[in-house]
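A short worksheet on the structure shown next.
The values are calculated or read from the model by the stated rules, or taken from the named source; none is laboratory data. Computed from a predicted model, the values in this text were never measured in an experiment. Cβ: placed from backbone, ideal geometry, glycine included. Neighbour counts: every protein chain shown.
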């Protein structure tokens, strides 16, 4: 008598999906602060602590003082600090700051949430720091950029208009017609922009505009 195959239920087990780990590097000159952060992050589900900041998805930098000593270029930087001065805030932004967490509020749960949010590309600043940053940007535009007909992108309004039309596929004559410029003016605008920004050609200029969110 032949053995009968066991009946099937029609259900299949989906393969287990392993969630990718978030690589995190901790930078802190204070040994106690660094040890505490590492203790919180090691063996946490979804977190892999790395020594090399260059390989990390998120860099956690913490300092009680001497903020510049812990800043390193990163795509996503979570900064834990108190009393952040305006120039330090700008330096942190230049180094990839996405989330600023006051040291007094850096509980384990908030730290993990900040790392997760930074990894997803979210940005968050305390209201007081955000207000200072916006005020500083307003002053920069009013006192420095506007008198020179520049925008925050570093381009003049005329250059931005030309670049957008260039990205739409228009040639020099068509751009001149659209903006009521002479063709010589369009060429001069492009030459000035390419030279100042170190761009090789028009294609490079369009790529620069897209990469930096200008167009």
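Name the residues in the range 72-89 that are free of Cβ contacts under 8 Å to residues at least 40 places away in the same chain and within 21 Å of residue 134 (Cβ to Cβ), would you? The answer is 79, 81, 82, 83, 85, 87, 88.
Residue count for the range 98-110 under the criterion of being closer than 14 Å to residue 125 by Cα and touching a residue at least 24 places away in the same chain (Cβ under 8 Å): the result is 6.
Conditions (1) surrounded by fewer than 14 Cβ atoms within 10 Å (Cβ to Cβ); (2) in a loop (DSSP other than H, G, I, E, B); (3) in contact (Cβ under 8 Å) with a residue 40 or more places away in the chain; (4) outside the structural domain of residue 199 (by TED's automatic domain parsing), marked per residue:
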site: 133; (1), (2), (3), (4): no, no, yes, yes
site: 153; (1), (2), (3), (4): no, yes, yes, no
site: 159; (1), (2), (3), (4): no, no, no, no
site: 165; (1), (2), (3), (4): no, no, no, no
site: 169; (1), (2), (3), (4): yes, yes, no, no
site: 174; (1), (2), (3), (4): no, no, no, no
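Of 71, 77, 41, 37, all but one fail to be touching a helix residue (DSSP H, G or I) at 6+ places or on another chain (Cβ under 9 Å), modelled with pLDDT of 85 or more and closer than 23 Å to residue 127 by Cβ; the exception is 77.
Of the residues making up the range 186-209, those that are in a helix (DSSP H, G or I) and touching a helix residue (DSSP H, G or I) at 6+ places or on another chain (Cβ under 7 Å) are 186, 187, 189, 190, 193, 194, 197, 202, 205, 206, 208, 209. Every test in (1) surrounded by 13 or more Cβ atoms within 10 Å (Cβ to Cβ); (2) closer than 25 Å to residue 208 by Cα; (3) out of contact with any helix residue (DSSP H, G or I) (no Cβ under 7 Å at 6 or more places or on another chain) is passed by residue 106 save one, and that test is (2).
A quick yes/no check of all residues on (1) at pLDDT 75 or above; (2) under 22 Å from residue 89 (Cβ atoms):
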site: 132; (1), (2): yes, yes
site: 136; (1), (2): yes, yes
site: 143; (1), (2): yes, yes
site: 151; (1), (2): no, yes
site: 154; (1), (2): yes, yes
site: 163; (1), (2): yes, no
site: 170; (1), (2): yes, no
site: 175; (1), (2): yes, no
site: 178; (1), (2): yes, no
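A search for C-beta distances below 7 Å between a residue of the range 197-213 that is exposed (fewer than 14 other Cβ atoms within 10 Å of the Cβ) and any residue that is part of a loop (DSSP other than H, G, I, E, B), counting only pairs 6+ apart in sequence or on different chains, returns 212/153.
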